[in-house]
Amino acid sequence: RAKDLGKNNCQFYTSEMNAHIEEKLTMLEGLRCALDEGQFRLLYQPKVDLRDGSVFGVEALVRWDHPQHGVIGPDRFIPLAEESGMIIALGDWVLRTACLQNQAWQRAGLAPLRVSVNVSPRQFEESGLVQRVAQALQDSGMAPEWLELEVTEGVIMRDLQQAVAKMAEVRAMGVSLSIDDFGTGYSSLSALKSFPISTLKIDKSFVRDLGRSSGDEAIASSIIGLAHRLKLRVIAEGVETEQQRSFLRDNGCDEMQGYLFSRPVSPEQLLTLLPPPVTAAPVLRRLRVVT
Ligand code: C2E
Ligand code: MG
Ligand code: MG
Ligand code: MG
């Protein structure tokens, strides 16, 4: 009987695994042509100053418009893109598109925004990263001060010395760096002080229960204090409620991002959330959407 059970378990497991592998292969095939077919697009989520409520920047977040499955979020394909190496080409597209879009907004007379782009581990480690960033800036005409790269602690801790050297190269170009999902990774506090970064981003898992969990409140306010002692700015992600916002503001957090202010939106929708262009020239008002 035990033997039967074992066999059944095994069969069950195998067919599950096959289905899983098959799904992965199909997805990988789709991912390969998605870039050529123009199936990716970027949404932009506003980053808001907690003191005056102004939008000073946006984070670019990729979406895949799959011809059969509809919109697919990055959590479902970025890991596969990483594993397969596709992330290099995809990441390059994201970088270039974000820079082109931001420069188009600036040309149209909008108050300049800083655009943040997520960079995943393999992308960060690739030897061509710095050159790709330089090329995206050059081709778009956007000044480096308007670009920020978001990296996670995991990226940095894989090879600390090399990562710090690469961050310094990016920084030397005039591009800013921030640590995404801070508090969920494994970076040591002693390593943190050697990172040439400008911002810490409090992970949304610590934001969710602000006002309900004294543990999370302690963590959030400690991260804010730590950031400020290190002369860094601090932003909270995943801010959904007024209660979370007031806790963060009262505890000195500089910036926030989350559904409370806006979900990630299309370039067209973003314009409705911003003050209108300052220039009077009608030709400059024609706002170009970059895809
Ligand atoms: P992330 O960089 O930490 O981005 C924050 C995620 O939280 C985004 O999910 C965003 O839509 C979501 N979010 C924003 N506000 C709220 C809120 O108030 N509540 C909740 N519950 N969620 C909120 P998204 O767009 O699904 O992206 C997931 C992750 O995928 C990102 O996490 C990032 O790590 C990765 N990713 C997204 N775009 C790119 C990209 O272009 N390149 C790379 N390498 N990774 C990307
Ligand atoms: Mg991010
Ligand atoms: Mg994050
Ligand atoms: Mg995240």
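Tabulated values for the structure
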| quantity | calculated |
| --- | --- |
| Single residue of the range 170-214 satisfying the filter (farther than 20 Å from L160 by Cβ and part of a helix (DSSP H, G or I)) that is farthest from the chain's Cα centre (by Cα) | S214 |
| Selected residue (only one of Q45, Q39 is within 16 Å of ligand 4 (Cβ to nearest atom), touching a residue at least 24 places away in the same chain (Cβ under 8 Å) and not hydrophobic (A, V, I, L, M, F, W, C)) | Q45 |
| All positions within the range 46-65 that are farther than 17 Å from V234 by Cα and crowded, with 17+ Cβ neighbours inside 10 Å | A60, L61, V62, R63, W64 |
| Test for V151: is it within 16 Å of ligand 1 (Cβ to nearest atom), open to solvent by less than 20 Å² (accessible area, probe 1.4 Å) and touching a residue at least 40 places away in the same chain (Cβ under 8 Å) | no |
| Answer residue from the range 164-182, given it is under 22 Å from E59 (Cα atoms), of a type in the set (G, A, S) and away from ligand 1 (no atom under 12 Å from the Cβ) and is most open to solvent (accessible area, probe 1.4 Å) among those | A172 |
| Unmet requirement for L210, which otherwise passes all of (1) crowded, with 18+ Cβ neighbours inside 10 Å; (2) closer than 24 Å to S116 by Cα | (2) |
| Any pair with Cβ under 8 angstrom, 6 or more apart, that starts in the range 154-173 at a residue that is farther than 15 Å from S198 by Cβ and ends at one that is loosely packed, with under 13 Cβ neighbours inside 10 Å and aromatic (F, W, Y) | G154/Y186; M157/Y186 |
| Of the criteria (1) farther than 25 Å from V290 by Cβ; (2) open to solvent by less than 50 Å² (accessible area, probe 1.4 Å), which one Q161 fails | (2) |
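Conditions tested, residue by residue: (1) open to solvent by less than 50 Å² (accessible area, probe 1.4 Å); (2) free of Cβ contacts under 8 Å to residues at least 12 places away in the same chain; (3) touching a Cys at 6+ places or on another chain (Cβ under 7 Å).
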site: I223; (1), (2), (3): yes, no, no
site: G238; (1), (2), (3): yes, no, no
site: E242; (1), (2), (3): no, no, no
site: Q269; (1), (2), (3): no, yes, no
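The values are calculated or read from the model by the stated rules, or taken from the named source; none is laboratory data. Just so we're clear, the structure is a prediction, and the values are computed from it rather than from any experiment. So basically every Cβ, Gly included, is an ideal-geometry build from the backbone, and we count neighbours across all protein chains shown. Accessible surface areas use protein heavy atoms only, side chains included; no ligands, DNA or RNA. Shrake-Rupley method; radii C 1.70, N 1.55, O 1.52, S 1.80 Å.
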